[in-house]
Structures are given as structure tokens and as C-alpha cells.
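So the structure is just underneath, and the comments pick up after that.
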Amino acid sequence: LRSRGIINGYEDGTFKPDRAVSRAEFLKIVLLSSGNPVLTGDLDRSGFSDVSLSAWYAGFVNRASALGVASGYPDGLFRPDRTVSRIEAIKMMLRSNRITEASLSSEASFSDIEAGSWAVPYARFAQVAHLFDAIPGNLLRPNEAMSRAQVAEMVYRFYQYRPDLLPATTLPTTPATTSPTPSATAIPTTMPTAPTSESLRISSLTVTPEAPNVSAPITVPVSAFS
């Protein structure tokens, strides 16, 4: 992810893997990874009273809102600094890659996902794609906060499962002045089939699935990505 400009470290050369990730920070990651650049118009409007146009994340929040990747709360707030939860992260990840509820299975998955919940199709995808390691009791812990390490691993695993959705090139660091070209990949109508090879080629890198690494719930303060 670092080699593709999706995540960055800090000025002191550290990554701080255990630091929690906010909703705004996660939007930046999924938009960059899925090939959805911030447009100039995204820097001139704000649909949320708690998202200042001068904030570093304003463009990402507004682009995500326009694409239907993320939405605010009933009170009109977006709460950009709130730590992103597992189920929120899954939903944003899939929507940013144009995978919607209609294309997903509504079958049961984890024991702590209530039947009929909006989270059902997203949780099912996460289980089939192995975005998270199994927790004893067949739990997802959907509301658990995510760390930078967990987010990096989840995004990595997603593109291991769907390498066809990874953009061929890295996004520019400055806002685009025109609308991005629509993805040629159609929204799947059925659950995708997991790759069978032991390693998958992503861009010019050959990567091999690594041992899982899911840590305990995170309570450390949130800090914006550098």
C-alpha cells in the first residue's frame, strides 16, 4: 500500500500500526486504493456542518458522499474524527469499489450479525473473502475500532480476493479537474470466486497472502495521516 501511495508513515519514519483510524482517514485510504480521485469541486462544497472546507479531509469526505461511499448521521454531522468500525470499513471498502448490496449475498455469516440488519451482506462478503481472521464463537465484532495495521491488512486482503478491481496506476496527489473515467469493471451479480493460486500479481508487485494479524480493540487517540 505504501508503494502505491495509499498509506504513508510519519515524519519520524514510523508507521504507528496500533494507532486507531478515523472515518476521514479511512475514506482517504479507500478512495485512493479504488481509483476515485478528489475533484476540484469537492474542495468548494460541504454537506456536513462538522466538515470544514479547510480540513485536510474535506475533499475526501465530499467525494465519498457524492459517490455514496459514506454518509452522515441523522443530525447532519459526519463525525470525521470518530474511529472507523469494522463493519463501517467493510461497507466503505465495497462501495468505493462499486460493489453494492444488490450484488451481495444475504446469507448468514457471523453469529454477532443480527438477521435483517443492514450489515448482513457486507459481513457475508467479509467472511467469504476472509477480510478478517476468525474469532472464536464465529464473531466479527462489527463495532470494534480498527487500527492502522488492521486497516492496511484488510485493504490488502480485499485486493488479494479481487485483484481485478485494483487500479492499474496510482492516483495523482492533487485534485483532478475533470470527472474520473468510470470503471470498466461491472458490479458483480454474484459472490466472486476466490483466487486459487498461492500468489497474485498486483500492478508490478507479486504478493503472497501472509499470516493474519488482528489485534485487540484499539483505544488510542486518532491522528490524521501525514
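Some values worked out for this structure:
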| quantity | calculated |
| --- | --- |
| Test set (1) free of Cβ contacts under 8 Å to residues at least 40 places away in the same chain; (2) of a type in the set (S, T, N, Q); (3) touching a strand residue (DSSP E or B) at 6+ places or on another chain (Cβ under 9 Å) - Asn138 fails condition number | (3) |
| Scope region 61-75; condition in a helix (DSSP H, G or I) and farther than 23 Å from Ala126 by Cα; matching residues | Val61, Asn62, Arg63, Ala66 |
| Any hit, region 96-112, residues being among the aliphatic types (A, V, I, L, M), assigned to a helix (DSSP H, G or I) and at pLDDT 95 or above | no |
| Selection within region 33-56 - touching a strand residue (DSSP E or B) at 6+ places or on another chain (Cβ under 9 Å) and either at pLDDT 95 or above or β-branched (Val, Ile, Thr) (or both) | Val38, Thr40 |
| Boolean, Arg4 is touching a residue at least 24 places away in the same chain (Cβ under 8 Å) and open to solvent by 40 Å² or more (accessible area, probe 1.4 Å) | no |
| Whichever residue in region 148-183 is of a type in the set (Gly, Ala, Ser) and over 19 Å from Ala126 (Cβ atoms) and, among such residues, is modelled with the lowest pLDDT | Ser183 |
| Answer residue from region 113-141, given it is of a type in the set (D, E, K, R) and farther than 17 Å from Glu101 by Cα and is most open to solvent (accessible area, probe 1.4 Å) among those | Arg141 |
| Filter result for Ser52 (polar (S, T, N, Q), touching a Ser or Thr at 6+ places or on another chain (Cβ under 9 Å) and in a loop (DSSP other than H, G, I, E, B)) | yes |
| Qualifying residue in region 153-165 (condition: under 20 Å from Pro37 (Cα atoms), without any contact (Cβ under 8 Å) to a residue 40 or more places away in the chain and open to solvent by 20 Å² or more (accessible area, probe 1.4 Å)) | yes |
| Yes/no for Ala24 being touching a residue at least 24 places away in the same chain (Cβ under 8 Å), buried (at least 22 other Cβ atoms within 10 Å of the Cβ) and within 24 Å of Pro121 (Cα to Cα) | yes |
| Contacts under 6 angstrom Cβ, first residue in region 106-130 being within 18 Å of Val151 (Cα to Cα), partner charged (D, E, K, R) and assigned to a helix (DSSP H, G or I), 6 or more apart | Tyr122/Lys91 |
| Output for region 142-151, where each listed residue is buried (at least 20 other Cβ atoms within 10 Å of the Cβ) and part of a helix (DSSP H, G or I) | Arg148, Gln150, Val151 |
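The rows are residues; the columns are (1) among the β-branched types (Val, Ile, Thr); (2) touching a His at 6+ places or on another chain (Cβ under 7 Å); (3) not in a loop (DSSP other than H, G, I, E, B).
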| residue | (1), (2), (3) |
| --- | --- |
| Ile6 | yes, no, no |
| Phe15 | no, no, no |
| Asp18 | no, no, no |
| Asn36 | no, no, no |
| Asp42 | no, no, yes |
| Phe48 | no, no, no |
| Gly59 | no, no, yes |
| Leu77 | no, no, no |
| Pro80 | no, no, no |
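The values are calculated or read from the model by the stated rules, or taken from the named source; none is laboratory data. Quick caveat: nothing in here was measured; it's all calculated off a predicted structure. All Cβ positions, glycine included, derive from the backbone under ideal geometry; neighbour counts span all protein chains shown. When the accessible area is computed, the model is the full protein with side chains, heavy atoms only, and any ligands, DNA or RNA have been set aside. Shrake-Rupley method; radii C 1.70, N 1.55, O 1.52, S 1.80 Å.
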